[in-house]
1. Tell me which residues, restricted to the stretch 152-177, are surrounded by fewer than 19 Cβ atoms within 10 Å (Cβ to Cβ), at pLDDT 95 or above and β-branched (Val, Ile, Thr).
2. How about the stretch 261-316: which helices (runs of 4 or more DSSP H) wholly inside it have at least 2 residues that are within 42 Å of the chain's Cα centre (by Cα), closer than 18 Å to residue 338 by Cβ and of a type outside the set (S, T, N, Q)?
3. With the structure loaded, tell me whether residue 274 is under 30 Å from residue 245 (Cα atoms), at pLDDT 95 or above, touching an Asp or Glu at 6+ places or on another chain (Cβ under 6 Å) and buried (at least 16 other Cβ atoms within 10 Å of the Cβ) or whether it fails that test.
4. Exactly one condition in (1) assigned to a helix (DSSP H, G or I); (2) in contact with a helix residue (DSSP H, G or I) (Cβ under 8 Å, 6 or more places away or on another chain); (3) more than 22 Å from residue 265 (Cβ to Cβ) is false for residue 333; which is it?
5. Looking at 234, 254, 259, which one is surrounded by fewer than 16 Cβ atoms within 10 Å (Cβ to Cβ), touching a residue at least 12 places away in the same chain (Cβ under 8 Å) and in contact with a helix residue (DSSP H, G or I) (Cβ under 7 Å, 6 or more places away or on another chain)?
Amino acid sequence: MSSQAKALDYKLCPQCGTRNKLSWDFCARCGETLSDQTIVTTKAPASAKAPAGKGAMPTVTTVGDLPEAPSAVPIVVGVLVLLAGAGYWASRTAAPKPATVPSNLLSVASAPAATARSAATPAPKPPGQAKFEEGRRLLMGGNVAEAVALLAEAVSDAPSNAEFRNFYGKALLRVPNVDQAIEELTEATRLAPENSPYAIDLARGLDRAGRVAQAGAAYDRALALQPNDVQLLRDAAGLFLRAGNSVKAAPYLRTVAQRQPDDLVLQQTLGQALEGAGDLAGASEVYGGLLQRMPGAEITRGLLAEIYFKQGQRDQAIALFRAGAALNPGSPLMQRGLASVLERSGRLAEAAAAYREYARLAPGAPDAKQLEDRAARITGQPSSS
């Protein structure tokens, strides 16, 4: 190497002899503190030439060398400082002889071998993780029996893992093993009480098991975590509607209806729940709002007319049916409803006419002949058939 070649400086670790970059403060291998006094350069000093045929040997220099002094006194001081620094460096480093210099001294410093090995080797999976992942894959593929067996082993390996418990419970519902599924889903919510998906899964599992009271309480806990989940509100309402408990279902339905005002089927279901809960005023309001938006909604019209009749508003009930028949003269439903409220109001002749009109509009209906005969009985006139 020519003495004019560019120097390659580095910091030599006094502890282990490893070469480090100039910007490093600590040795990459042993962590020893590196000072500015540990800098090494491969360029030969300007006052000497490298031996022929050989590369420049590393020499120790200091970055704190004093500039040329303008007078004799500063020069003497500088020499003393340098000698003192050299003595300190010699006592600290105890540099090895050239023959024993490590072969990697002039190579680029690298991260410790242990670090490289750890980066190349993947971390081991937590207990049960591999079984859980394989069980989940099998379940998604429809292999329920093998999936359940693997998931059971995963839960056994990591009984405090809420995710394993929850997924195992959902798998058991597909066996079905409902009782054990509920146990696993319940344990998952105990381990992770703030996890709303686990709370929802438990509520739906209890619902599926027919445990109405427990499911209702579980739905309320889930809704406390997810109050804006409309489907969850619908599920809770459906639970109580199927159980025939309109009082419990109505609040959930009202909340959903407020958030989805354009769902007319939902609005009618709310009206029926309110009516079933004894809130006739609330039901009338819901039914009336629906009819304003859809005058041709015959079932809603009939439900509202019946509420009028229950409240003693018989004329309003009759008028509501007549208005529906006028909107759709070919509607058998309006004629049958009109006939019923007319008969119960004591207006038998008008009721008989409405019954006969119903039989004429729907001759194939199962009750057509029955209601035509009824018209004959309430008027004392023979049936036309």
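1. Hits for the stretch 152-177: nothing passes.
2. Working: elements: 264-276, 280-293, 298-310.
Here the list reads 280-293, 298-310.
3. no
4. Just one mismatch for residue 333, condition (3).
5. Working: 234 fails: surrounded by fewer than 16 Cβ atoms within 10 Å (Cβ to Cβ); 254 fails: surrounded by fewer than 16 Cβ atoms within 10 Å (Cβ to Cβ).
The unique qualifying residue is 259.
The rows are residues; the columns are (1) within 18 Å of the chain's Cα centre (by Cα); (2) free of Cβ contacts under 8 Å to residues at least 40 places away in the same chain; (3) surrounded by fewer than 16 Cβ atoms within 10 Å (Cβ to Cβ); (4) on the phi < 0 side of the Ramachandran plot.
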residue: 182; (1), (2), (3), (4): no, yes, no, yes
residue: 186; (1), (2), (3), (4): no, yes, no, yes
residue: 196; (1), (2), (3), (4): yes, yes, no, yes
residue: 201; (1), (2), (3), (4): yes, yes, no, yes
residue: 205; (1), (2), (3), (4): no, yes, no, yes
residue: 213; (1), (2), (3), (4): no, yes, yes, yes
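The values are calculated or read from the model by the stated rules, or taken from the named source; none is laboratory data. In this text the structure is predicted, and so the values were computed from the model without any measurement. All Cβ positions, even for glycine, are placed from backbone atoms using ideal geometry, and neighbour counts span all protein chains on display.
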